[in-house]
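Q: Pasting a structure below so you can have a look.
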Ligand code: KDG
């Protein structure tokens, strides 16, 4: 596939407690898969963009499941299978408002991703390359893979999208910040939450903060602020958009949905207002269900949100 979203990273199995409360009282765990880049690829594909994912999975049933979900979602999987376990993530809700995530990914297949796993021709023919700040946190080889992918894209004139996605369970803020500065300098499109932005720029006013982020390199910088909406600085103009109000069941995955919506519209050449409208709607859909990506919308569904009590017959 060409002209679509190309991404790379770790996709893991997810064991999610079905009930709210302490994990040790969880009677049932449901098995699924997730990973930030996987989530973005699925989201963009559901909105009509071609999507390709590069990564490693183990020769195990969780690896089978990852590949099965990619096939089911019509995302092109460029996966290398290795003799290491597919990583796992344990997810539970201590209360309706507190979600806890624990990783079991040290030594995992996905954390062994390396530059040789990539296909430069696929990256060169992408509409956009999307990477996250999670992958460099997995180790030197994945960090190098991200660097190599970005270099290949830049040399070919392919726009580079970066979502900082700071994960404090994977590395500390000081180490992350050094890598984030490099990623941001090479990005055309940047997504950051308030706390991630604060690692790079000291500024409380979101409209000023997003301009400062854009001044670090990207022509498009987007500050994603959850329920408070988003602020973007695109080619020197600041645009704000309110969040779409929904009943949130699980906040994890909202950022990936947002990115998927934004990139899908970018690939269609839509203006920033449309990109942000689809991004906020897609991110909102993500939080309406327990999984990280299962609730992501098709194009037909985008307009449904906000229609409280809607019955589709
Ligand atoms: O953004 C959601 C992701 O955080 C989740 O799907 C798992 O990729 C993941 C990670 O490393 O946290």
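Q: Check off (1) assigned to a helix (DSSP H, G or I); (2) more than 16 Å from the ligand (Cβ to nearest atom); (3) surrounded by fewer than 18 Cβ atoms within 10 Å (Cβ to Cβ); (4) in contact (Cβ under 8 Å) with a residue 24 or more places away in the chain for residue 240 and give me the number that stays unchecked.
A: (1)
Q: Mind listing whichever residues of segment 245-264 are within 13 Å of residue 132 (Cβ to Cβ), more than 10 Å from the ligand (Cβ to nearest atom) and either assigned to a loop (DSSP other than H, G, I, E, B) or out of contact with any strand residue (DSSP E or B) (no Cβ under 7 Å at 6 or more places or on another chain) (or both)?
A: 260 - this is the single residue of segment 245-264 that is within 13 Å of residue 132 (Cβ to Cβ), more than 10 Å from the ligand (Cβ to nearest atom) and either assigned to a loop (DSSP other than H, G, I, E, B) or out of contact with any strand residue (DSSP E or B) (no Cβ under 7 Å at 6 or more places or on another chain) (or both).
Q: Might you let me know whether segment 103-115 holds any residue that is in a strand (DSSP E or B) and under 16 Å from residue 252 (Cβ atoms)?
A: yes
Q: Then there is this: On the basis of being surrounded by fewer than 24 Cβ atoms within 10 Å (Cβ to Cβ) and free of Cβ contacts under 8 Å to residues at least 24 places away in the same chain, does residue 300 make the cut?
A: So residue 300 passes the test.
Q: Just to verify a result, which residue in segment 116-161, among those that are part of a helix (DSSP H, G or I) and within 16 Å of the ligand (Cβ to nearest atom), is surrounded by the fewest Cβ atoms within 10 Å (Cβ to Cβ)?
A: 143
Q: Next up: Taking the stated definitions as given, is residue 279 within 16 Å of the ligand (Cβ to nearest atom), under 28 Å from residue 295 (Cα atoms) and free of Cβ contacts under 8 Å to residues at least 60 places away in the same chain?
A: Yes: the conditions hold for residue 279.
Q: Would segment 67-84 turn up any residue that is touching a strand residue (DSSP E or B) at 6+ places or on another chain (Cβ under 9 Å), free of Cβ contacts under 8 Å to residues at least 60 places away in the same chain and buried (at least 21 other Cβ atoms within 10 Å of the Cβ)?
A: Yes, segment 67-84 has at least one match.
Q: Of all the residues that make up segment 1-30, how many are in contact with a helix residue (DSSP H, G or I) (Cβ under 7 Å, 6 or more places away or on another chain), outside any loop (DSSP other than H, G, I, E, B) and either within 16 Å of the ligand (Cβ to nearest atom) or farther than 19 Å from residue 70 by Cβ (or both)?
A: 6
Coordinate-derived values only; no laboratory data. Keep in mind the model is a prediction, meaning the values are calculated, not measured. Methodologically, a virtual Cβ is constructed for each residue, glycine included, from the backbone with ideal geometry; neighbour enumeration extends over all protein chains shown.
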